[in-house]
Each structure stands twice: as C-alpha cells, then as structure tokens.
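Below is one structure, written out as structure tokens; the observations come after it.
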Amino acid sequence: MEPALPIRKIIHVDMDAFYASVEQLDDPSLVGKAIAVGGGGTRGVVSAASYEARKYGVRSAMSGALAKKLCPDLIFVRTNFERYREISEKIKKVFFEYTDLVEPLSLDEAYLDVTENKRGNPSATMIAQEIREKIKETTGLNASAGISINKFIAKVASDINKPNGQKTVPPEEVLDFLEQLDIKKFYGVGKVMKEKMYRHGIYTGADLKKKSLEYLEENFGKSGGYYYNIVRGIHTSKVKTERTRKSLAAERTFNENISSEIFMLERLEHIAEEVAKRLKKSKVAGRTITLKIKYRDFTLQTRSKTLPLYIASKELILDNVKDLLYQDEMKDSVRLLGISMSNLNNENPKKKEKISEKTIDVQLKLDF
C-alpha cells in the first residue's frame with residue numbers, strides 16, 4: 001500500500017479589490033462608487049476595478065475606453081504603487097505573526113503554511129479568521145481566504161466566498177469539492193483552456209476525473225498530467241518562502257500608434273535600458289529574449305530567441321531585439337512594445353512531479 005500524501009494546512013489570503021480598496025480607503029468620497037485604478041486617457045489600461053465597477057463588467061487589463069463605455073459613471077484614479085507597497089508590508093507583518101512559511105504571490109495575495117504555527121492553534125480555519133480580522137484592524141481593508149490541504153485547493157477556495165469571506169475544504173471533503181467544481185474555476189484554466197476542455201466534454205471536475213492519464217496527455221500535452229493529478233487532490237508544491245524569479249520584463253504603451261521601425265527601435269532602446277536595470281538590481285542574467293508586439297487592433301505577437309550565453313547588458317539585449325524586430329514584417333501599426341528576459345541563471349532544475357494513481361487519504365481527519 002502506498003503511503004498517504006502529505007497533508008498540510010495551507011491558507012491562501014487574497015485582498016479584496018486591493019488597489020481600488022486602498023484608493024477608497026484614502027479617499028472616502030470614492031466609497032461605494034465605481035472606480036478604476038489606471039485606465040485614464042485614450043490609451044490607458046485598467047489595473048484594477050472596485051466591486052461596484054465589476055458589476056458593469058469592468059475588469060483589469062481592459063482598455064479604459066471600453067471600461068468607460070460599459071460604465072459611463074466610472075471614475076478613473078491614478079495608480080499609487082508606493083502606497084500599495086506600504087499597505088502590503090503591513091499585511092505581511094500580520095502573516096508573520098502566525099508563521100514564517102509565507103509565500104507572497106503579489107502585493108495582495110500570499111500562501112501561508114500553518115500546519116505548525118506560532119500560536120499553537122490546531123485550527124487553520126480559526127487562524128484564517130484571525131488573520132482577516134487583524135488585517136482589517138491594521139489596515140481597514142477586507143481580505144478573503146481559502147483553507148485546505150494544499151496550495152491549489154486553497155487558491156480555488158479563496159474565491160468561493162469573496163468578498164470578505166472564507167472557505168475551508170477539509171481533507172474528507174476535498175474529492176467531492178473538486179468533482180463538483182466547474183472546470184473554469186480550476187486555477188490555471190483560462191478562457192482558451194476552458195473552451196478546449198468544453199470541446200472534450202469536460203465541464204466539471206467529475207468530467208475531468210473520468211479521463212485517463214493517456215487521454216489527457218494526448219490531448220493536453222504536458223498539462224495533461226497536471227490536470228490528472230489536481231482533480232485527485234494531488235498537488236505537492238510546498239509554500240516557498242523565497243520565490244525564484246523566472247523572468248524580467250518592461251513594456252511601453254504609446255500615445256500614438258507607431259508604423260516606422262526606426263521609431264520602434266528608439267522606443268526599444270529605452271525599454272532595453274529598463275530591462276537591463278532590473279536585471280542588474282536582481283543580480284541575474286538571461287538566455288531567452290522575447291519581443292512583445294501589440295498591434296493597433298490589440299492583436300498580440302511575440303518573437304523569441306534563446307542564446308548560447310547569458311546576457312544582461314542593454315547593448316546585447318538591444319542587438320538581439322533588433323534581430324527579432326526585423327525577423328518578420330509588421331502587419332500593422334503598433335500600440336505597445338515590450339522586452340522580457342527569461343531562462344535566467346537563478347533557476348534550478350525542478351524535479352517533475354511524478355504522475356501517481358494515489359488519491360488523498362480521505363480517512364485522515366485533521367482539525368481544520
């Protein structure tokens with residue numbers, strides 16, 4: 001008999017509409033109103049939206065023009081990342097009062113492993129409640145949380161009772177929870193993958209579980225094994241206190257579309273300089289360079305090349321970006337250009353998670 005998989009007590013804390021909530025906190029006149037952080041002007045892109053704006057369909061990464069069309073009374077607020085970072089640091093301090101095993105994903109969300117914790121509290125559910133109350137007391141902001149046996153399920157669960165709520169999925173309920181879950185709610189299943197799943201008759205976790213490992217690998221490639229495992233509650237990734245950066249990038253959206261490649265090179269020189277600064281600050285270099293091109297009609301194109309050696313200087317980045325720029329003709333005028341460096345020299349080879357027939361031991365009871 002195979003040993004049971006490790007059962008941890010993982011909390012995923014996710015701040016509710018973080019950027020927008022900070023702006024409403026700092027300016028009470030915005031409370032209860034539909035606001036978008038960023039997105040102002042004719043070419044702006046929304047960074048975040050309040051829940052009042054989301055009711056109209058306003059979402060992050062949406063053009064400000066479309067957001068305003070959906071919600072005519074929308075109020076645009078300029079981003080203030082210095083303030084968001086300040087609040088984020090206060091939130092992290094709350095996390096560390098309970099455990100040192102904290103893995104920040106961004107300014108507004110993090111995983112916490114509270115299997116063993118500083119408060120000696122056996123209930124992850126109670127700890128999550130305390131953390132949310134302490135965040136509210138410290139910052140005035142609401143947070144939601146998901147609690148379960150691994151990072152994947154905790155992440156999915158944190159979205160169930162948003163905003164200002166939490167959801168616990170204890171060991172004995174994991175398999176039923178995953179089987180009943182709509183496939184689009186599985187973390188990592190985006191719009192494109194959702195449509196592909198639908199074409200294969202996969203609408204819920206139960207549908208996914210019926211597919212064999214061979215079927216999933218044949219139709220979904222390397223992701224097939226991942227989907228085979230997660231629907232069985234298998235996700236062994238630990239909470240990492242130091243996240244390894246996998247890429248560095250910079251991009252610019254232009255006030256006017258650019259058609260001339262000479263003008264594009266001028267812009268790319270500044271972007272390459274910014275990428276080089278970020279590489280230097282992080283003390284890394286990269287081998288894979290990618291040029292991102294967004295055309296007038298919002299069509300996105302990427303061109304990449306992998307080099308035999310690591311590079312980090314502006315000059316070498318720009319030389320390789322030039323090759324990518326002239327690699328093919330531009331199909332239209334350009335509204336955005338970006339450069340990213342990946343395959344960094346801080347990456348360690350990862351052991352691939354072995355595909356297993358194991359499911360979690362549902363008989364194991366823990367105080368969740």
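Every read-out reported here was derived from the displayed coordinates using simple, explicitly stated rules and does not represent laboratory data. Fair warning: this is a prediction, and the values are worked out from it, not measured in the lab. Cβ: placed from backbone, ideal geometry, glycine included. Neighbour counts: every protein chain shown.
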Inset, instruction - Using packing as a proxy for protection, rank 245-253, 135-143 so that the peptide with the highest average count of other Cβ atoms within 10 Å comes first. - result: 135-143, 245-253
Legend entry - Residue-span extension gain [GLU274 to GLU173] - 0.36 nm each, minus C-alpha spacing: 31.6 nm
Inset, instruction - Provide the packing ranking of 286-292, 313-319, i.e. peptides ordered by the mean count of other C-beta atoms within 10 Å per residue, highest first. - result: 286-292, 313-319
Inset, instruction - Please give the FRET efficiency for LYS209 paired with ARG287, using the beta carbon to beta carbon distance and R0 = 30 Å, rounded to the nearest 0.05. - result: 0.20
Legend entry - Normalised contact order of region 16-129, rounded percent, pairs of Cα under 8 Å and 6 or more residues apart: 18 percent
Inset, instruction - Output the relative contact order of region 174-230, whole-number percent, from Cα pairs under 8 angstrom with separation of 6+ residues. - result: 29 percent
Inset, instruction - Please find, in a Gaussian network model of the chain (springs between Cα atoms separated by less than 10 Å), the residue of SER21, SER123, SER212 whose mean-square fluctuation is greatest. - result: SER212
Legend entry - Simple spin-label estimate for ARG119 and THR302 in nanometres, 7 Å along Cα-Cβ: 4.0 nm
Legend entry - Assigned charges on the beta-carbon of Lys, Arg, Asp, Glu; the chain dipole about Cα centre (debye): 380 debye
Legend entry - For region 18-80, size of Cβ-based charge dipole, Lys and Arg +1, Asp and Glu -1, in debye: 320 debye
Inset, instruction - Work out, step by step, the length gained on full extension between GLU242 and MET126: first 0.36 nm times the residue separation, then minus their alpha carbon distance; give nm to one decimal. - result: 39.2 nm
Inset, instruction - With a point put 7 Å past each Cα toward its Cβ, work out how far GLU218 is from LEU309 in nm, to one decimal. - result: 4.7 nm
Inset, instruction - Take every Cα-Cα pair in region 174-230 and report what % of them are more than 13 Å apart. - result: 55 percent
Inset, instruction - May I ask you to work out the translational diffusion coefficient for the chain at 20 °C, viscosity 1.002 mPa s, via Stokes-Einstein with Rh from the Kirkwood sum over Cα pairs, reported in whole µm²/s? - result: 93 µm²/s
Legend entry - the chain - mean residue ellipticity at 222 nm from DSSP helices (-39,500 (n - 2.57) per run, n ≥ 4, rounded to 500): -10500 deg cm²/dmol
Inset, instruction - Mind giving me the FRET efficiency for LYS55 and ASP26? R0 is 22 Å, r the Cβ-Cβ distance, nearest 0.05 is fine. - result: 0.50
Legend entry - Three-way shape call for region 62-207 based on the alpha-carbon gyration tensor, with the a/c threshold at 1.5: oblate
Inset, instruction - Relative to the longest principal axis of the C-alpha atoms of the chain, give the angle of the C-alpha long axis of helix 261-282, reported between 0 and 90° and rounded to the nearest 10°. - result: 40 degrees
Inset, instruction - Would you calculate the separation in nanometres between label points at LYS33 and LYS196, each defined as 7 Å from the Cα along the Cα-to-beta-carbon direction? - result: 4.3 nm
Inset, instruction - Using only alpha carbon pairs under 8 Å that are at least six residues apart, calculate the relative contact order of the chain and give it in whole percent. - result: 16 percent
Legend entry - Candidates LEU307, LEU208, LEU337, ranked by Gaussian network fluctuation over the chain, Cα under 10 Å, top entry: LEU307
Inset, instruction - Sort HIS12, HIS270 so that the residue with the fewest other Cβ atoms within 10 Å of its own Cβ comes first and the one with the most comes last. - result: HIS270, HIS12
Legend entry - Ranking of SER50, SER60 by count of other Cβ atoms within 10 Å, fewest first: SER60, SER50
